[in-house]
Amino acid sequence: MKLRELIKNTALAPVKEDQGNLEVPSVTADSRKVTAGGLFVALAGPKTHGAKFIEDAMARGAQIIVTGMTGISSPIPDGILYLKTEDPQAFLAQALSNFYHDPSGSIRLIGITGTNGKTTITYLLETMLAAAGKTSGVIGTINHRYGKKILKADNTTPGLVDNVRILAEMVAEKIDYCAMEVSSHALDQRRVEGLDFQYAIFTNLTSDHLDYHKDRETYFGAKAKLFTGLAKNRRAIINIDDEFGPRLKDMTAAPVWTYAIKKPADFSARRIELGFTGTCFELVTPLGTIEIMTPLIGLHNIYNILSVAAVGVGEEIPLCLIKKGVEALSQVPGRLERIEAGQDFYVFVDYAHTEDAMRNVLSSLRAVKKSRLTVVFGCGGDRDKTKRARMANVVEELSDFAIVTTDNPRSEDPQQIVQNIIGGFRKQDFKVILDRGEAIMEALRVTQKGDVVLIAGKGHENYQIFKDKTIDFDERKIVLQSLMTLGKS
């Protein structure tokens, strides 16, 4: 694409005619991904500034450098076009839209934000849209996928360049919809800048990522950006049972559909029946009521289904197909995933790593549990320390026994993380076993017929991160191996 086309509708001043004729083969903000003749945008990042990598970008063949108005200290060599703009991030968003021909405007893009539920909602959207004969892709925590292609997910929400590129690939493959998990970090760092969301879903908000956002109001402010930036002809779908939902409803210019179980809402549930094999309830919508029998467990999954049903109604999908689609999803990897090997008790693996997620999961299990409920859990290192004791509070309140262990310690001392956690226990109904594999083995060893074991925190992850190494660790496989070793499978 010629430079003059690439910079259309950006804040850059017009370039000279010969400069405008330059062919630009690529646009990136990562110097490692520069190609010969490409354009590199130096952005201010959360830890460092892209200006530090301009020399690397030029060494890799960048012919156009775009930076902020402060400029750079080192001289620009001959043959390199150096352009300045007040807002490099806004420039990048528009340049990418131009370069990839506005992919978010060519696909039905659904953004989901909130502390919990995002991943499950993307899976439910996939099966609902498939039931309606539509194709869809996902950009999310577990992976990014469309058609037969599966991409590794390094972050819940990729950087802006990758986001727009993946959307363009989906458009090229004639994918109808994309469900995108939109994290608070992504919103704060403007990784979804300029994307045209048809729907924005808010699930809930609890204390998480306070190592980054510092307090809940700042965290909420980041989440709210998805809704304050939503166009008036789009749609917001908001959980008003959450304390932040009503506030968010007043902050968006887009029309709002609400969902709730406790309060009157546009989408709600009644006659709820919870069990270990699934959940049954009546889905109440503006178009009527229909019974849902889902294999998914727990009240929190009813909330997830309500939000997806709202998208379905917005897309004029008949209730019978909404029902067919949500009932087709039997399991989400690492989300209350039941591990079955013929044992006479229940074992679940879940990604719950906040006190609210833990409360949701344990409340679901407590509501239908047969006997003793044991929890194996830890907390991640280099992450929000304020939630560690609160996690212990919830576990102590809603379980019978806990084994405190490692999660992903990262650079922190695992023993110190555990001390932060156990400070939240008031009683002594817990044991500390730092080795997570041994902790799982012990929980399974003492479990009796009809009991329930929840292994929480890592869910779908198949690794464990320490200060000096990352090891293979898929606890779903470890549960199966442990059951076999114990002779319980």
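The values are calculated or read from the model by the stated rules, or taken from the named source; none is laboratory data. In this text the structure is predicted, and so the values were computed from the model without any measurement. Note that we place each Cβ from the backbone using ideal geometry, even for glycine, and neighbour counts take in every protein chain shown. Just the protein is used for accessible areas: all its heavy atoms, side chains included, with ligands, DNA and RNA removed. Shrake-Rupley method; radii C 1.70, N 1.55, O 1.52, S 1.80 Å.
Rounded to the nearest 10 square angstrom, His353 shows an accessible area of 60 square angstrom against a 1.4 Å probe.
Note on the chain: percent of Cα-Cα distances in each 10 Å bin, starting at 0 and stopping at the bin with the largest distance, equals 4, 18, 26, 25, 16, 8, 2, 0. Distant-in-sequence amide contacts of Val376, defined by a placed amide H-H separation under 5 Å and a gap of 5 or more residues or a different chain, comprise Ile403, Leu454, Ile455, Ala456.
The alpha carbons of region 271-333 give a radius of gyration and a Dmax of 11.0, 32 Å, in that order.
For Lys249, which lysines qualify as cross-link partners when the Cα separation must be under 25 Å and same-chain residues fewer than eight apart are set aside? Once the sequence-local lysines are set aside, what remains near Lys249 is Lys118, Lys214, Lys223, Lys225, Lys232, Lys262, Lys263.
Restricting to lysines 8 or more places apart or on different chains, can you count the pairs in region 338-461 with Cα atoms under 18 Å from each other? Could the numbers behind the result be given before it?
Working: Lys369/Lys449; Lys370/Lys449; Lys385/Lys458; Lys387/Lys458.
So the count of such lysine pairs works out to 4.
Where the alpha-carbon atoms of region 177-313 are placed on the principal axes, they occupy 40, 34, 27 Å, in descending order.
Residues in region 448-459 carry Karplus couplings, in order, of 10, 3, x, 6, 10, 10, 10, 10, 10, x, 10, x Hz; the curve used is 6.51 cos²θ - 1.76 cosθ + 1.60 with θ = phi - 60°, and Gly or Pro positions show x. For a straight C-alpha distance cut-off of 25 angstrom, the lysines reachable from Lys84 (same-chain residues fewer than eight places away being disregarded) are Lys2, Lys8, Lys16, Lys33, Lys47, Lys52. Computed packing ranks the peptides 161-167, 475-481 as 161-167, 475-481, most packed first, by mean other Cβ atoms within 10 Å. Largest to smallest in accessible area, the residues Glu291, Glu282 fall in the order Glu291, Glu282 (1.4 Å probe, all protein chains included).
Divide the volume of the convex hull around the Cα atoms of region 1-126 by the residue count and you get 139 Å³ per residue. Here Lys469 is the anchor, and the aspartates and glutamates within straight C-alpha reach of less than 20 Å, apart from those fewer than 8 places off in the same chain, are Asp154, Asp382, Asp407, Glu412, Asp413, Asp435, Glu438, Glu461.
Measuring nothing but how far apart in sequence close Cα pairs (under 8 Å, 6+ apart) lie, relative to its length, region 281-428 scores a relative contact order of 18 percent. Derived scalar couplings between HN and Hα for region 139-144 equal 10, x, 5, 6, 6, 10 Hz in order, rounded to whole Hz, by the Karplus curve 6.51 cos²θ - 1.76 cosθ + 1.60 (θ = phi - 60°), x for Gly and Pro.
Normalised by the number of residues in region 40-123, the average gap of Cα pairs under 8 Å and 6 or more apart makes the relative contact order 22 percent. When DSSP beta bridges are restricted to pairs lying wholly in the chain, around 35% turn out antiparallel. The per residue volume of the convex hull around the alpha-carbon atoms of region 49-182 is 135 Å³. Modelled this way, with points 7 Å down the Cα-to-C-beta line, the labels at Glu173 and Ser489 are 3.3 nm from one another. The residues Met358, Met58, sorted by heavy-atom accessible surface at 1.4 Å with ligands and nucleic acids left out, run Met58, Met358 from largest to smallest.
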